[in-house]
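To start, the structure under review is shown below, and the notes come after it.
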Amino acid sequence: MSTGAIVLIIVVVVLVIAGALFAGQLMRRRRLRERFGPEYDRSIEEADNRRVAERVLTARQKRHAGFELKPLSDSARVRYAQEWTLVQEHFVDQPDEAVAGAENLVDNVMRERGYPTDGFDQQAADLSVDHATAVDHYRTGHDIRTRHEQAGVSTEDLRTALVHYRKVFVALVGVDAPQHTDDRVEDRVDEHRR
């Protein structure tokens, strides 16, 4: 075999290996996008580069795989739906306390389902693996609550936080509190504005 043929074989082998690696990377990227949805894009924006973001998301998946997550029992789902209704009703008289109660209720549901509750940022990262669309609501609700604790926000902002927490609650619990409660909260917020 001539030197030229050996070089050609080596080049072909290197190209095949590079093509396989590239295809594997594209498949991994596609799986991460499908799993994390908008959280994938958010991670890319926050990271130095795409590879770093994808490593972070992969690490989240590995951490998440170690959890012993469990669905809520039917009685727990009913109990949490009733607690959510009380949180919403409490909003009428004490909106700031209701928003704090909503975040605490979401934390309690996460804990009962088997999520570690190691602090907000870690909880949001853990939540993003199975609830990629809900995690942005979780962050937004928490951000509004934090801003309220630091400088105060409007009742409308607090209502918005409650709506965001509700979306997280529904994603975690799988049931929705009666919708009419939201209507009553909306009506009472409108009364406070007048």
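The values are calculated or read from the model by the stated rules, or taken from the named source; none is laboratory data. Not measured: the values here are computed from a predicted model. Note: ideal-geometry Cβ built from the backbone for every residue, glycine included; neighbour counts use all protein chains shown. When the accessible area is computed, the model is the full protein with side chains, heavy atoms only, and any ligands, DNA or RNA have been set aside. Shrake-Rupley method; radii C 1.70, N 1.55, O 1.52, S 1.80 Å.
Of the residues making up the stretch 106-123, those that are within 23 Å of Arg159 (Cβ to Cβ) and open to solvent by 30 Å² or more (accessible area, probe 1.4 Å) are Asn108, Phe120.
Listed here are the residues, each with its yes/no results for (1) open to solvent by less than 40 Å² (accessible area, probe 1.4 Å); (2) at pLDDT 80 or above; (3) under 23 Å from Asp157 (Cβ atoms).
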{"site": "Leu32", "(1), (2), (3)": "yes, no, no"}
{"site": "Arg42", "(1), (2), (3)": "no, no, yes"}
{"site": "Arg51", "(1), (2), (3)": "no, no, no"}
{"site": "Ala59", "(1), (2), (3)": "no, yes, no"}
{"site": "Glu68", "(1), (2), (3)": "no, yes, no"}
{"site": "Ser75", "(1), (2), (3)": "no, yes, no"}
{"site": "Arg79", "(1), (2), (3)": "no, yes, no"}
{"site": "Leu86", "(1), (2), (3)": "no, yes, yes"}
{"site": "Asn104", "(1), (2), (3)": "no, yes, yes"}
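Say whether the condition of being under 13 Å from the mean Cα position of the chain (by Cα) and not in a helix (DSSP H, G or I) is met by at least one residue in the stretch 134-143. Checking the stretch 134-143: not a single residue is under 13 Å from the mean Cα position of the chain (by Cα) and not in a helix (DSSP H, G or I). Within the stretch 105-112, the presence of at least one residue that is more than 23 Å from Ile144 (Cα to Cα) and either of a type in the set (Ser, Thr, Tyr) or part of a helix (DSSP H, G or I) (or both) is confirmed. Take Glu97 and decide whether it is open to solvent by 70 Å² or more (accessible area, probe 1.4 Å), charged (D, E, K, R) and not in a loop (DSSP other than H, G, I, E, B). For Glu97, the condition - open to solvent by 70 Å² or more (accessible area, probe 1.4 Å), charged (D, E, K, R) and not in a loop (DSSP other than H, G, I, E, B) - is met. Being surrounded by fewer than 21 Cβ atoms within 10 Å (Cβ to Cβ) and of a type in the set (Gly, Ala, Ser) is the filter; apply it to the stretch 135-162 and report the residue that is modelled with the highest pLDDT. Here the answer is Ser154. Summed over the stretch 28-80, residues that are part of a loop (DSSP other than H, G, I, E, B) and hydroxyl-bearing (Ser, Thr, Tyr) total 1.
Can you confirm whether Asp126 is under 16 Å from Val168 (Cα atoms) and surrounded by fewer than 21 Cβ atoms within 10 Å (Cβ to Cβ)?
Criteria not met by Asp126.
The residue pairs whose first member lies in the stretch 74-95 and is more than 17 Å from Asn108 (Cβ to Cβ), whose second member is surrounded by fewer than 18 Cβ atoms within 10 Å (Cβ to Cβ) and charged (D, E, K, R), and whose beta carbons are closer than 7 Å, counting only pairs six or more residues apart or on different chains, are Val92/Arg188.
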